[in-house]
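Reading through the C-alpha coordinates given below for one structure.
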Ligand code: NAP
(Lines give C-alpha, C1' and ligand atoms only; values in the text may rest on other atoms or scores of the structure.)
Protein backbone atom coordinates (compact mmCIF):
# COMPACT_ATOMS: atom_id res chain seq x y z
CA UNK A 1 0.00 0.00 0.00
CA UNK A 2 1.13 3.51 -0.80
CA UNK A 3 2.32 6.02 1.76
CA UNK A 4 -0.40 8.61 2.29
CA UNK A 5 0.93 12.12 1.73
CA UNK A 6 -1.13 14.03 4.28
CA UNK A 7 -1.40 17.70 3.38
CA UNK A 8 -3.25 18.37 6.63
CA UNK A 9 -0.34 17.23 8.80
CA UNK A 10 2.35 18.86 6.67
CA UNK A 11 0.42 22.12 6.44
CA UNK A 12 0.15 22.17 10.25
CA UNK A 13 3.90 21.64 10.57
CA UNK A 14 4.66 24.50 8.16
CA UNK A 15 2.12 26.77 9.89
CA UNK A 16 3.81 26.08 13.23
CA UNK A 17 7.11 27.19 11.67
CA UNK A 18 5.35 30.32 10.36
CA UNK A 19 3.94 31.11 13.81
CA UNK A 20 7.48 31.13 15.20
CA UNK A 21 8.76 33.27 12.34
CA UNK A 22 5.90 35.75 12.78
CA UNK A 23 6.46 36.00 16.53
CA UNK A 24 10.10 36.80 15.76
CA UNK A 25 9.15 39.39 13.10
CA UNK A 26 6.83 41.08 15.56
CA UNK A 27 9.42 41.11 18.31
CA UNK A 28 12.34 42.31 16.20
CA UNK A 29 10.61 44.54 13.63
CA UNK A 30 7.14 45.14 15.07
CA UNK A 31 5.83 43.68 11.81
CA UNK A 32 2.45 41.95 11.49
CA UNK A 33 1.80 40.96 7.84
CA UNK A 34 -1.63 41.87 6.52
CA UNK A 35 -3.80 40.44 3.78
CA UNK A 36 -6.83 42.13 2.18
CA UNK A 37 -9.37 39.52 1.07
CA UNK A 38 -12.05 40.70 -1.34
CA UNK A 39 -15.25 38.71 -1.74
CA UNK A 40 -18.02 39.78 -4.12
CA UNK A 41 -21.33 37.90 -4.09
CA UNK A 42 -22.72 34.91 -2.21
CA UNK A 43 -21.20 31.89 -3.96
CA UNK A 44 -21.17 29.26 -1.16
CA UNK A 45 -17.86 27.78 -2.37
CA UNK A 46 -16.20 31.22 -2.34
CA UNK A 47 -17.60 32.04 1.11
CA UNK A 48 -16.20 28.81 2.47
CA UNK A 49 -12.78 29.30 0.79
CA UNK A 50 -12.55 32.84 2.21
CA UNK A 51 -13.47 31.56 5.68
CA UNK A 52 -10.70 28.96 5.41
CA UNK A 53 -8.17 31.61 4.41
CA UNK A 54 -9.21 33.96 7.23
CA UNK A 55 -8.95 31.12 9.73
CA UNK A 56 -5.50 30.13 8.49
CA UNK A 57 -4.30 33.76 8.68
CA UNK A 58 -5.57 34.09 12.26
CA UNK A 59 -3.89 30.80 13.20
CA UNK A 60 -0.40 31.94 12.22
CA UNK A 61 -0.73 35.63 13.15
CA UNK A 62 -1.48 37.34 9.82
CA UNK A 63 -3.95 40.22 9.97
CA UNK A 64 -6.70 39.33 7.44
CA UNK A 65 -9.03 42.18 6.47
CA UNK A 66 -12.17 41.09 4.69
CA UNK A 67 -13.97 43.30 2.15
CA UNK A 68 -17.33 41.70 1.40
CA UNK A 69 -19.78 43.11 -1.15
CA UNK A 70 -23.11 42.18 -2.71
CA UNK A 71 -23.13 40.44 -6.09
CA UNK A 72 -24.10 43.70 -7.89
CA UNK A 73 -21.08 45.63 -6.60
CA UNK A 74 -19.96 47.91 -9.46
CA UNK A 75 -16.75 47.04 -11.31
CA UNK A 76 -15.56 50.66 -11.07
CA UNK A 77 -15.84 50.59 -7.26
CA UNK A 78 -13.81 47.40 -7.15
CA UNK A 79 -11.07 49.04 -9.23
CA UNK A 80 -11.08 52.01 -6.87
CA UNK A 81 -10.79 49.70 -3.85
CA UNK A 82 -7.86 47.82 -5.39
CA UNK A 83 -6.13 51.09 -6.22
CA UNK A 84 -6.60 52.23 -2.58
CA UNK A 85 -5.26 48.91 -1.25
CA UNK A 86 -2.30 49.07 -3.67
CA UNK A 87 -1.41 52.44 -2.14
CA UNK A 88 -2.05 51.45 1.48
CA UNK A 89 1.28 50.73 3.21
CA UNK A 90 -0.62 48.83 5.92
CA UNK A 91 -1.69 46.18 3.37
CA UNK A 92 0.96 43.69 2.24
CA UNK A 93 -1.10 41.30 0.12
CA UNK A 94 -4.33 41.53 -1.89
CA UNK A 95 -6.47 38.54 -2.78
CA UNK A 96 -9.61 38.67 -4.90
CA UNK A 97 -11.67 35.51 -4.43
CA UNK A 98 -12.65 34.01 -7.79
CA UNK A 99 -14.99 33.61 -9.54
CA UNK A 100 -16.28 37.17 -9.70
CA UNK A 101 -19.88 37.92 -10.82
CA UNK A 102 -20.24 37.95 -14.62
CA UNK A 103 -20.57 41.77 -14.94
CA UNK A 104 -16.99 42.15 -13.69
CA UNK A 105 -14.02 41.54 -15.99
CA UNK A 106 -11.92 39.17 -13.87
CA UNK A 107 -8.78 39.61 -15.93
CA UNK A 108 -8.82 43.42 -15.63
CA UNK A 109 -9.31 43.17 -11.86
CA UNK A 110 -6.44 40.71 -11.37
CA UNK A 111 -4.16 42.81 -13.56
CA UNK A 112 -4.99 45.91 -11.48
CA UNK A 113 -3.38 44.42 -8.37
CA UNK A 114 0.13 45.70 -7.66
CA UNK A 115 2.41 42.74 -8.61
CA UNK A 116 4.29 43.27 -5.32
CA UNK A 117 1.02 42.59 -3.43
CA UNK A 118 -0.18 39.83 -5.78
CA UNK A 119 0.08 36.98 -3.26
CA UNK A 120 -1.99 34.65 -5.48
CA UNK A 121 0.72 34.95 -8.16
CA UNK A 122 -1.80 35.40 -10.97
CA UNK A 123 -0.57 38.78 -12.30
CA UNK A 124 1.28 38.49 -15.66
CA UNK A 125 4.37 40.06 -14.07
CA UNK A 126 4.56 37.20 -11.55
CA UNK A 127 3.73 34.63 -14.24
CA UNK A 128 6.61 36.08 -16.26
CA UNK A 129 8.93 35.98 -13.26
CA UNK A 130 8.12 32.30 -12.77
CA UNK A 131 8.75 31.71 -16.47
CA UNK A 132 12.28 33.17 -16.29
CA UNK A 133 13.03 31.86 -12.80
CA UNK A 134 13.16 35.29 -11.15
CA UNK A 135 11.90 35.88 -7.59
CA UNK A 136 8.18 36.61 -7.49
CA UNK A 137 5.02 35.05 -6.11
CA UNK A 138 4.30 31.45 -7.10
CA UNK A 139 0.60 30.38 -7.02
CA UNK A 140 -0.28 28.39 -3.89
CA UNK A 141 -1.30 25.09 -5.47
CA UNK A 142 1.86 24.38 -7.53
CA UNK A 143 4.06 25.65 -4.70
CA UNK A 144 2.15 23.45 -2.22
CA UNK A 145 2.63 20.39 -4.45
CA UNK A 146 6.37 21.05 -4.71
CA UNK A 147 6.62 21.41 -0.92
CA UNK A 148 4.58 18.23 -0.41
CA UNK A 149 7.09 16.30 -2.52
CA UNK A 150 10.22 17.88 -1.07
CA UNK A 151 9.20 17.68 2.58
CA UNK A 152 8.24 14.02 2.17
CA UNK A 153 11.77 13.30 0.90
CA UNK A 154 10.63 12.68 -2.69
CA UNK A 155 13.40 13.77 -5.03
CA UNK A 156 12.19 15.78 -8.01
CA UNK A 157 15.48 16.27 -9.85
CA UNK A 158 15.80 14.07 -12.93
CA UNK A 159 12.33 12.59 -12.46
CA UNK A 160 9.71 12.43 -15.16
CA UNK A 161 6.73 14.45 -13.90
CA UNK A 162 3.52 14.04 -15.89
CA UNK A 163 0.82 16.64 -15.21
CA UNK A 164 -2.77 16.09 -16.32
CA UNK A 165 -4.27 19.58 -16.81
CA UNK A 166 -2.92 22.82 -18.26
CA UNK A 167 -4.78 25.52 -16.34
CA UNK A 168 -3.12 28.83 -15.51
CA UNK A 169 -3.46 28.18 -11.78
CA UNK A 170 -2.27 24.56 -11.53
CA UNK A 171 -0.88 22.70 -14.56
CA UNK A 172 1.09 25.41 -16.35
CA UNK A 173 2.70 27.07 -13.28
CA UNK A 174 3.56 23.65 -11.83
CA UNK A 175 5.35 22.71 -15.05
CA UNK A 176 7.26 26.02 -15.00
CA UNK A 177 8.21 25.51 -11.35
CA UNK A 178 9.47 21.95 -11.72
CA UNK A 179 11.53 22.43 -14.90
CA UNK A 180 13.64 25.18 -13.33
CA UNK A 181 17.34 24.44 -13.18
CA UNK A 182 17.24 24.82 -9.42
CA UNK A 183 17.15 22.88 -6.17
CA UNK A 184 13.84 21.07 -5.56
CA UNK A 185 13.12 21.10 -9.29
CA UNK A 186 15.08 20.09 -12.45
CA UNK A 187 12.49 17.54 -13.55
CA UNK A 188 11.50 16.47 -17.04
CA UNK A 189 7.88 17.55 -17.40
CA UNK A 190 5.10 16.41 -19.74
CA UNK A 191 1.65 18.03 -19.73
CA UNK A 192 -1.51 16.17 -20.82
CA UNK A 193 -4.89 17.73 -21.60
CA UNK A 194 -8.11 16.91 -23.43
CA UNK A 195 -6.27 17.01 -26.76
CA UNK A 196 -3.80 14.32 -25.62
CA UNK A 197 -4.15 10.99 -27.42
CA UNK A 198 -3.72 7.68 -25.56
CA UNK A 199 -3.13 9.47 -22.26
CA UNK A 200 -2.45 6.23 -20.38
CA UNK A 201 0.65 5.62 -22.52
CA UNK A 202 2.03 8.91 -21.20
CA UNK A 203 0.85 8.76 -17.57
CA UNK A 204 2.40 5.26 -17.25
CA UNK A 205 5.81 6.86 -17.94
CA UNK A 206 5.51 9.13 -14.90
CA UNK A 207 7.73 8.82 -11.85
CA UNK A 208 5.52 11.55 -10.37
CA UNK A 209 1.97 11.90 -11.70
CA UNK A 210 0.00 15.05 -10.85
CA UNK A 211 -3.68 15.03 -11.77
CA UNK A 212 -5.53 18.36 -11.97
CA UNK A 213 -8.38 17.76 -14.41
CA UNK A 214 -11.39 18.50 -12.22
CA UNK A 215 -13.11 15.24 -13.25
CA UNK A 216 -13.59 12.14 -11.10
CA UNK A 217 -12.07 8.89 -12.46
CA UNK A 218 -9.63 10.69 -14.78
CA UNK A 219 -6.87 8.31 -13.66
CA UNK A 220 -7.28 4.63 -12.77
CA UNK A 221 -4.72 2.01 -11.75
CA UNK A 222 -4.04 0.95 -15.36
CA UNK A 223 -2.72 4.44 -16.06
CA UNK A 224 -0.15 4.39 -13.23
CA UNK A 225 3.30 2.77 -13.19
CA UNK A 226 3.98 0.54 -10.16
CA UNK A 227 5.87 2.61 -7.59
CA UNK A 228 4.91 6.01 -9.00
CA UNK A 229 4.11 8.97 -6.74
CA UNK A 230 0.59 10.27 -7.38
CA UNK A 231 -0.63 13.76 -6.42
CA UNK A 232 -4.38 14.22 -6.77
CA UNK A 233 -5.32 17.89 -7.06
CA UNK A 234 -8.94 17.46 -8.14
CA UNK A 235 -11.80 18.37 -5.85
CA UNK A 236 -15.16 17.01 -6.99
CA UNK A 237 -18.48 16.94 -5.12
CA UNK A 238 -20.44 13.73 -5.49
CA UNK A 239 -23.81 12.90 -4.00
CA UNK A 240 -23.70 10.82 -0.85
CA UNK A 241 -26.94 10.20 1.01
CA UNK A 242 -25.03 8.90 4.04
CA UNK A 243 -23.57 12.38 4.66
CA UNK A 244 -25.45 15.12 6.47
CA UNK A 245 -24.56 17.55 3.70
CA UNK A 246 -25.77 15.09 1.05
CA UNK A 247 -22.39 15.04 -0.68
CA UNK A 248 -18.74 14.15 -0.24
CA UNK A 249 -15.53 15.25 -1.90
CA UNK A 250 -13.42 13.01 -4.12
CA UNK A 251 -10.38 13.63 -6.28
CA UNK A 252 -9.64 12.91 -9.94
CA UNK A 253 -7.84 9.64 -9.18
CA UNK A 254 -9.46 6.29 -8.32
CA UNK A 255 -7.89 6.33 -4.86
CA UNK A 256 -8.42 2.71 -3.71
CA UNK A 257 -7.01 0.96 -6.78
CA UNK A 258 -4.25 3.50 -7.46
CA UNK A 259 -3.01 3.43 -3.86
CA UNK A 260 -2.45 -0.31 -4.25
CA UNK A 261 -0.01 0.40 -7.09
CA UNK A 262 1.60 3.77 -6.24
CA UNK A 263 4.46 4.20 -3.74
CA UNK A 264 2.84 7.37 -2.36
CA UNK A 265 -0.43 9.18 -2.95
CA UNK A 266 -2.11 12.35 -1.70
CA UNK A 267 -5.71 11.99 -0.46
CA UNK A 268 -8.75 14.16 -1.21
CA UNK A 269 -9.72 15.87 1.03
CA UNK A 270 -6.69 16.51 3.25
CA UNK A 271 -4.05 16.51 0.51
CA UNK A 272 -3.18 19.44 -1.74
CA UNK A 273 -5.97 21.70 -0.38
CA UNK A 274 -4.39 22.59 2.99
CA UNK A 275 -1.01 23.01 1.29
CA UNK A 276 -2.47 25.57 -1.14
CA UNK A 277 -3.68 27.84 1.67
CA UNK A 278 -0.41 27.42 3.53
CA UNK A 279 1.64 28.60 0.55
CA UNK A 280 -0.67 31.61 0.26
CA UNK A 281 0.32 32.46 3.85
CA UNK A 282 3.96 32.02 2.82
CA UNK A 283 3.47 34.61 0.05
CA UNK A 284 1.86 37.10 2.46
CA UNK A 285 4.80 36.77 4.86
CA UNK A 286 7.27 37.15 1.98
CA UNK A 287 5.41 40.24 0.72
CA UNK A 288 5.47 41.85 4.17
CA UNK A 289 9.21 41.20 4.57
CA UNK A 290 10.04 42.47 1.08
CA UNK A 291 7.98 45.62 1.56
CA UNK A 292 9.69 46.26 4.90
CA UNK A 293 13.12 45.64 3.36
CA UNK A 294 13.75 42.61 5.59
CA UNK A 295 15.81 39.83 4.00
P1 LIG B 1 -9.50 23.77 -15.08
O2 LIG B 1 -9.13 25.19 -15.27
O3 LIG B 1 -10.87 23.32 -15.40
O4 LIG B 1 -8.48 22.91 -15.94
C5 LIG B 1 -8.60 21.52 -16.05
C6 LIG B 1 -7.55 21.00 -16.99
O7 LIG B 1 -7.66 19.59 -17.05
C8 LIG B 1 -7.69 21.52 -18.42
O9 LIG B 1 -6.41 21.82 -18.92
C10 LIG B 1 -8.32 20.35 -19.16
O11 LIG B 1 -7.89 20.25 -20.50
C12 LIG B 1 -7.76 19.16 -18.39
N13 LIG B 1 -8.65 18.01 -18.44
C14 LIG B 1 -9.94 17.94 -18.03
N15 LIG B 1 -10.41 16.69 -18.22
C16 LIG B 1 -9.41 15.97 -18.76
C17 LIG B 1 -9.29 14.63 -19.20
N18 LIG B 1 -10.30 13.79 -19.09
N19 LIG B 1 -8.10 14.23 -19.72
C20 LIG B 1 -7.08 15.09 -19.82
N21 LIG B 1 -7.13 16.38 -19.42
C22 LIG B 1 -8.28 16.80 -18.90
O23 LIG B 1 -9.24 23.29 -13.59
P24 LIG B 1 -8.17 23.78 -12.48
O25 LIG B 1 -8.55 25.12 -11.99
O26 LIG B 1 -6.78 23.53 -12.95
O27 LIG B 1 -8.51 22.72 -11.34
C28 LIG B 1 -8.41 21.35 -11.56
C29 LIG B 1 -8.98 20.61 -10.36
O30 LIG B 1 -8.17 20.90 -9.24
C31 LIG B 1 -10.39 21.03 -9.95
O32 LIG B 1 -11.07 19.92 -9.41
C33 LIG B 1 -10.16 22.05 -8.87
O34 LIG B 1 -11.25 22.14 -7.97
C35 LIG B 1 -8.96 21.47 -8.21
N36 LIG B 1 -8.13 22.45 -7.52
C37 LIG B 1 -7.81 22.15 -6.26
C38 LIG B 1 -7.00 23.02 -5.56
C39 LIG B 1 -6.64 22.69 -4.16
O40 LIG B 1 -6.07 23.52 -3.49
N41 LIG B 1 -6.89 21.47 -3.70
C42 LIG B 1 -6.54 24.20 -6.14
C43 LIG B 1 -6.86 24.45 -7.46
C44 LIG B 1 -7.66 23.56 -8.16
P45 LIG B 1 -8.20 21.36 -21.63
O46 LIG B 1 -7.27 22.49 -21.36
O47 LIG B 1 -7.89 20.66 -22.89
O48 LIG B 1 -9.64 21.72 -21.43
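Here are the numbers:
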| item | result |
| --- | --- |
| Count - residues of region 243-267 that are more than 16 Å from the ligand (Cβ to nearest atom) and either part of a strand (DSSP E or B) or in contact (Cβ under 8 Å) with a residue 12 or more places away in the chain (or both) | 7 |
| Residue that is nearest to the ligand (Cβ to nearest atom), among those in region 268-295 that are in contact with a strand residue (DSSP E or B) (Cβ under 6 Å, 6 or more places away or on another chain) and over 12 Å from residue 5 (Cα atoms) | 284 |
| Matching residues, region 206-242, being away from the ligand (no atom under 12 Å from the Cβ), assigned to a loop (DSSP other than H, G, I, E, B) and surrounded by 14 or more Cβ atoms within 10 Å (Cβ to Cβ) | 206, 207, 224, 225, 228 |
| Checking residue 48 against (1) in contact with a helix residue (DSSP H, G or I) (Cβ under 7 Å, 6 or more places away or on another chain); (2) modelled with pLDDT under 95, the condition it does not meet | (1) |
| Residue list for region 171-184, restricted to those being touching a strand residue (DSSP E or B) at 6+ places or on another chain (Cβ under 8 Å) and either outside any loop (DSSP other than H, G, I, E, B) or within 16 Å of the ligand (Cβ to nearest atom) (or both) | 171, 172, 174, 175, 178 |
| Condition broken by residue 101, with the remaining ones in (1) over 24 Å from residue 279 (Cβ atoms); (2) without any contact (Cβ under 8 Å) to a residue 24 or more places away in the chain satisfied | (2) |
| Odd one out for residue 156, checked against (1) out of contact with any strand residue (DSSP E or B) (no Cβ under 9 Å at 6 or more places or on another chain); (2) away from the ligand (no atom under 16 Å from the Cβ); (3) assigned by TED's automatic domain parsing to the domain that holds residue 227; (4) in contact (Cβ under 8 Å) with a residue 40 or more places away in the chain | (1) |
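Table: residues versus (1) over 30 Å from residue 96 (Cβ atoms); (2) without any contact (Cβ under 8 Å) to a residue 24 or more places away in the chain; (3) within 12 Å of the ligand (Cβ to nearest atom); (4) part of a strand (DSSP E or B).
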| site | (1), (2), (3), (4) |
| --- | --- |
| 145 | no, no, yes, no |
| 186 | yes, no, no, no |
| 191 | no, no, yes, yes |
| 202 | yes, no, yes, no |
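The values are calculated or read from the model by the stated rules, or taken from the named source; none is laboratory data. What you see is a predicted model; the values in this text were computed from it and never measured. Cβ atoms come from the backbone with ideal geometry, glycine included; neighbour counts cover every protein chain shown.
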